[in-house]
Amino acid sequence: MPGFADRLNGIGISASAAMTDKATALKAEGLKIISLSSGEPDFPTPEHAVEAAVDAARGGDTKYPPQAGKPALKKAIQAKFLRDNSLDYALDEILVANGAKQIIYDAMMATINPGDEVVLPTPYWISYADIARLGGAEIVQVPCPAASNFRLSAADLDAAITPRTKWLVLNFPNNPTGACCSRKDMEEIAAVMLKHEHVWIMTDDIYEHLVYDDFNFCTLAEVEPRLKDRVLTVNGVSKAYAMTGWRVGFCGGPRDLIAVMNNMQGQSTSGINTLAQAAAIAALEGPQDFLRERAAEYQTRRDIVVSLLNEIPGVECHTPQGAFYVYPDISACIGKVTPEGRQIKTDADFVMALLEEKQVATVQGAAYGMSPFFRISYATSVETLREGCQRIAEFVQSLK
Ligand code: PMP
């Protein structure tokens, strides 16, 4: 057989996608699966966004779009950055792509040379690591321990940066922990990054609107304007507006970086689907009140999940202030055996046995670089969450 590219070595299907696939296969066998593995809002896309896409299709908005995004969408994004983040980006400092994921891909591919390092506060969303490795970079982890609520320490960050560092990736609210970064912590991170002028900084703000307990979101370029010419502010409509399938992500950043990212895009996608762009304009320019209502609903679910999990001896769950994940510690379960005789040596063993013996789909902490933990997504109904937590409790209590 003809061979494959060396750059793919070590890059696999993401653990959460693998778990979702396995759960789907078990469902097809007729089992009732409780799915807590997928990072996707269960709310519908707002009706006005759907209608804008339909109108665009009927109105003939079906030709190639400008590669960097339609001017009307870039204007909506410009207004969003001003409204929500007090960030003033010119239109040629904005790029639209097929999801925040493609923004991240474009940025890394346009900048990384083999041997460069990418610093990832850990645990981290797995795609940062795989995309960086595709580009030939090495990953440098900076542990953000559970004991400090998964916060990034500025001193630890400082110690991780070397002359080879190309990127620091910040993601607060965080996937998988839900951790948020206070303005004071962000100022300390900014002070460190001001010293390291050779490093680009990506802030993935995709969970910006999913914050709880009156937490005030902030983003790096706003907190420290002197960093703005090295910061790529990444966002999208997937999570806040429940538009994962539309594939619209965007960023604001320095003009030269945006230009090379746009070149990357020119040789891969030629820009994004015109109808999805019309829907994204409507989402960004339409009513924003429902964001708060949905966040209140997520907060209720978070409280239920955290309290049910903490009732289980052997599971320790922090209370995150953002995103829609919890990341409980299951150290006490490691080394035990399930009723069906499965050995729990790792968090991967734990989640696989939980799926096979109790039909609850979650994701192992190993996928995010910090073990032994597992990730639960609470972007699902309260009823599903109660049932899922009940089954997790039975499973953990059955371990010997
Ligand atoms: N960043 C993070 C932290 C995510 O969790 C996700 C979705 N799982 C993305 C980016 C991807 O977002 P999009 O759908 O816009 O590609």
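Readers should treat all values here as calculations from the given coordinates under stated rules, not as data from a laboratory. Because the structure is predicted, anything quoted here is derived from the model rather than measured. As a convention, Cβ positions derive from the backbone with ideal geometry for all residues, glycine included, and neighbour counts pool all protein chains shown.
Side notes on the structure shown:
- Taking amide H positions as modeled 1.01 Å from N, with prolines and chain starts lacking one, the residues under 5 Å from ALA97 and 5 or more places away or on another chain are GLY249, PHE250.
- Sequence-ordered 3J(HN,Hα) estimates for the range 24-40 from the Karplus curve with 6.51, -1.76 and 1.60 and θ = phi - 60° stand at 5, 5, 5, 4, 4, 7, x, 7, 8, 9, 9, 9, 10, 10, 9, x, 9 Hz, glycine and proline given as x.
- Using Cβ point charges alone (K and R +1, D and E -1), the dipole size of the range 47-285 about the Cα centre works out to roughly 480 debye.
- Label positions at SER381 and THR162, each projected 7 Å from the Cα along the C-beta direction, are separated by 5.1 nm.
- Backbone amide hydrogens, once placed in the peptide plane, bring GLU117 within less than 5 Å of GLU138, THR165, LYS166, TRP167, excluding anything fewer than 5 places away on its chain.
- Note on ALA332 and MET1: the model spin-label points, each 7 Å out from Cα along the C-beta direction, lie 4.6 nm apart.
- Against the chain, whose longest principal axis is taken from its Cα atoms, helix 99-109 shows a tilt of about 70°.
- Put in line by how crowded their Cβ is, counting other Cβ atoms within 10 Å and starting with the fewest, ARG151, ARG386 read ARG386, ARG151.
- Across the chain the C-alpha pair distances fall into 20 Å bins from zero in the proportions 27, 58, 15, 0 percent.
- Residues whose placed amide H lies under 5 Å from that of VAL363, excluding near-sequence neighbours: ARG375
- Cα-centred dipole magnitude for the chain, charges only on beta-carbon of K, R (+1) and D, E (-1), debye, nearest 20: 540 debye
- Projecting the Cα positions of ILE126, GLY30, ALA137 onto the charge dipole of the range 4-144 (unit charges on Cβ atoms of Lys, Arg, Asp and Glu, taken about the Cα centre) puts GLY30 furthest along the positive direction.
- Phi-derived couplings, Karplus 6.51 cos²θ - 1.76 cosθ + 1.60 at θ = phi - 60°, listed residue by residue for the range 51-64: 5, 4, 5, 5, 4, 5, 5, 5, x, x, 7, 10, 9, 3 Hz, with x used for Gly and Pro.
- The fraction of all Cα pairs in the range 117-222 landing in successive 5 Å bins from 0 to the largest distance is 2, 12, 25, 27, 20, 10, 3, 1, 0, given as whole percents.
- Extension gain for GLU293 to ARG226 (0.36 nm times residue separation, less C-alpha to C-alpha distance): 20.7 nm.
- With a Förster radius of 25 Å applied to the C-beta separation of ALA155 and LEU194, the computed FRET efficiency comes to 0.95.
- Derived scalar couplings ³J(HN,Hα) [the range 389-400; Karplus, 6.51 cos²θ - 1.76 cosθ + 1.60; whole Hz; x for Gly, Pro]: 5, 4, 5, 5, 4, 4, 5, 5, 5, 7, 6, 10
- Reachable lysines from LYS80, criterion Cα separation under 18 angstrom, eight or more residues apart if same chain: LYS70, LYS228, LYS239
- Percent antiparallel among DSSP beta bridges (both partners in the chain, rounded to 5): 45 percent
- Positive-end extreme of charge dipole, the chain - chosen from PHE81, ALA110, THR233 (charges on Cβ): ALA110
- Nearest 10 degrees, 0 to 90: helix 71-85 Cα axis against the chain principal axis: 60 degrees
- Cα-Cα over 18 Å, subset of LYS32/LYS358; LYS22/LYS101; LYS101/LYS195; LYS27/LYS358: LYS22/LYS101; LYS101/LYS195
- Fraction of antiparallel bridges per DSSP, the range 47-285 only, in percent to nearest 5: 30 percent
- Stretch gain in nm, segment ALA25-GLN67, where the contour uses 0.36 nm per residue and the Cα spacing is subtracted: 11.3 nm
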